[in-house]
Structures are given as C-alpha cells and as structure tokens.
Amino acid sequence: MATATLARQIGRAITKATNSTSSGNGWYSPHMAAASRAIAERIPLVDLVLEVRDARIPLSSAYDQLRNCTSSSKRIIVMNKMDLANNSQLKDWMKYFEQKNYISYGVNAHNKESIQQLLNFLQARVRELKKVDHSSHTTTILLVGIPNVGKSALANSLHRIGRISAAEKGKLKHAIVSPQPGETKNITGLKIASHPNIYVLDTPGVLPPHILDDEVCTKLALTGTIQDCFAGENELAQCFLSILNRSDEYKKWAQLSNSENERSFADRNIKCSTSSEMGMKRKRQYPTDHTQDFIVHDVRQTLFEVISSFDGNVEDERLIEEEFKAMHAAFQVPLESEHNTQNKIAAKLLNLFRTGRLGHYILDSIPRKL
C-alpha cells in the first residue's frame, strides 16, 4: 500500500472520528476556542510573534490564525524539535522560507547552546526594532502555535537561560510542559532578558476547528499533535513503517547487523561464566523498558534486516506485516492475544519514532513552484 494512500485513509478516519463526537469537532474544545480569541486580541499588541512549528512538519504545523494576522517583519517562524528532523532537508526549508520573505529559525528547546543562540538572535532583533521606533518600553514576544510543538518548553528554556545571562536572582517561573497536547490552559508571561526588558507570553496550542487535508491530519497525528485515539496507534505505526521503508534512514543501521555477526563469532570463545555474567547484567537492564539502548539497538538491527531481505516492493503491505512480527522479539513483548501484542508494539514504535530513536525525518515536501 502506497504511503500517501495509507496517510489519506488515516486522515479520513481521524476526520470521521472527530465529527462523530458529541461536539462534532473532537479536538476543538470550548477552551481552545476561547484561547484562540484571546490570542487574536493580543497579536496586534505585542512587538514580535514567534510562530513555533514542529521541524518535522514545517508546513503542516503552521498556525492557521497567522495567515492574515501579522506582517512578515513582526513574525518569526521558529522550527522547534530540529534535533528530530533531517538536517539537510531542514536547511532546504530555511531557504524556502527565506525565498518567501519569512524570517525562520531552527531550535532545540532542550539544548542550552541552541536556546542561547536563539536568545541572542531575538535580542538582536529587538535592538533593530528599538532603532526604528526609538522606544524604551518593555518588549513583549508572543509564542503561538498548534498543540505539542514545544512552546512551553521553549518559553521555560528562554526564561531560564535569559535569567542566568542577566545574573538575575529570585524564583524561576515555569510554564506547564507535558507530552500530551493541550495541557497549557492560560497565557503566561516569562522574562527572558534585561536591558532592554523582554518578556515572552506562552499561549495554549490551538488547532483550526476543521482540517480539510487528510494527509495533514495524519502528519499531525504521527507527530503527536492530534491524540492517538482519533487515528489508532496500530494505523499510525503502520504509517511510520511505510515512511521508514521508503527512506534511507534504516540503511544507517547496516553496521549494527555486521557488528552483531562479528560479536556472535567472538562469543564462541567466551567462557560460560563470562556469558552467564553478561546474561545477568542484561536482565538487570529491564527488558520491558523499550527506550533502553540495548532494546533500541535490537529494534534498529531487526528493522534493517527485515527491510534489506524483503523480496519485493518496499511499499508492499506484506513488508509491514513482517516488521510487526519481527518486532515481537525485538521489543521482548510477552505472549498475549494478538490484538494486545500488536497494540503494545505499535505504541513502542511510535514512541521511538517521536523521540528520534528511529531516524530523523521531515514529513512535509517543499511546495513546487507553479
């Protein structure tokens, strides 16, 4: 099954699931509608707007309210989670935004050096604004974006690094950070710089009431913006595997298979006692925790071997079936019903994909020039 076809099927399923809820628009709650109005009121009042996007979906994670809301000089597109994205493709996206006369910046909200560079960039931008309007008032920067792009993590990191740089004392404030989309409920102000004073306003993530593009729905679900319950973890995991199978990411794991063969040959000469000690050590590594290095290693190695040995088109759905079967052993999932086993494997695969342990991807394609 072609990846695009599978993505459209999942997108239609998401639309159907959300429309069948009591409110008729599953993710667009009254809270999100209220947040949308509050943000729209503040956009004209702030000095800069940082539109935070997910670097893995630079187009699909665009904030719908900004299409006609603010000038390109006031708006900065910040592509967060750049550590999870394909680096060379991200550079192409930066060039694309530059050609469109948008200011863009890539960042990893959890990396101190990356945050410091972004802070320096923002301070330089603010100084440029001060030269134009000659004002000395406090600068306010509004962080906006869809759910789960890392706005709150970015706000907290800017606040922490900014206070350290300014040698300020006192209790740190924190915006709420959660892996679940939609946890930020209120607009929170955090100071990130002095001389001049700069504050960022963290806002709740907002999606449009309806998303008409099925493939965009799927990409938002894959990256965790739309909750898994609307699409189904099994379907999303299959979609990820279809993306992996068509990419070059798995080829980077070829050395894992070679090194494993070399180790197997060497192991024949290791004494039983040593082997037993290694086995005990491995048991203490808690095989139920799929995020541990040795589990991730086994998953990568297994995926490489299954894809490389498959005799057929990599878009054949039989390949995905073989990968799921092989993942049972790689994840060391205990024997249960087929449905429960499938669900556990799917959840673990999605987690490893979303945390960058199974490669770096950009799911959007740069629009072609007409």
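The values are calculated or read from the model by the stated rules, or taken from the named source; none is laboratory data. Quantities reported herein were computed from a predicted structural model and do not represent experimental measurements. So basically every Cβ, Gly included, is an ideal-geometry build from the backbone, and we count neighbours across all protein chains shown. The accessibility values were calculated without ligands, DNA or RNA, using every heavy atom of the protein model including side chains. Shrake-Rupley method; radii C 1.70, N 1.55, O 1.52, S 1.80 Å.
Below, the figures for the structure above:
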read-out: Matching entry among Tyr28, Tyr63 (being within 21 Å of Ser152 (Cβ to Cβ) and at pLDDT below 85); value: Tyr28
read-out: Inter-residue pairs, beta-carbon under 7 Å, first closer than 14 Å to Val206 by Cβ and in the stretch 48-77, second modelled with pLDDT under 90 and part of a loop (DSSP other than H, G, I, E, B), 6+ apart; value: Val49/Thr70; Val49/Lys74
read-out: Single residue of the stretch 66-81 satisfying the filter (more than 20 Å from Pro209 (Cβ to Cβ) and charged (D, E, K, R)) that is least open to solvent (accessible area, probe 1.4 Å); value: Arg75
read-out: Residues (polar (S, T, N, Q) and open to solvent by less than 10 Å² (accessible area, probe 1.4 Å)) located in the stretch 39-65; value: Ser61
read-out: Among residues of the stretch 59-90, those that are under 12 Å from Val107 (Cα atoms) and assigned to a helix (DSSP H, G or I), counted; value: 5
read-out: Residues that are touching an Asp or Glu at 6+ places or on another chain (Cβ under 7 Å) and under 16 Å from Gly224 (Cα atoms), drawn from the stretch 320-357; value: Ala346, Ala347, Leu350, Gly356
read-out: Residue that is of a type in the set (Asp, Glu), open to solvent by 40 Å² or more (accessible area, probe 1.4 Å), within 22 Å of Glu215 (Cα to Cα) and in the same structural domain as Glu233 (by the TED database), where the choices are Glu321, Glu317, Glu336, Glu305; value: Glu317
read-out: Residue list for the stretch 120-156, restricted to those being in a helix (DSSP H, G or I), open to solvent by less than 20 Å² (accessible area, probe 1.4 Å) and over 21 Å from Leu84 (Cβ atoms); value: Leu122, Val126
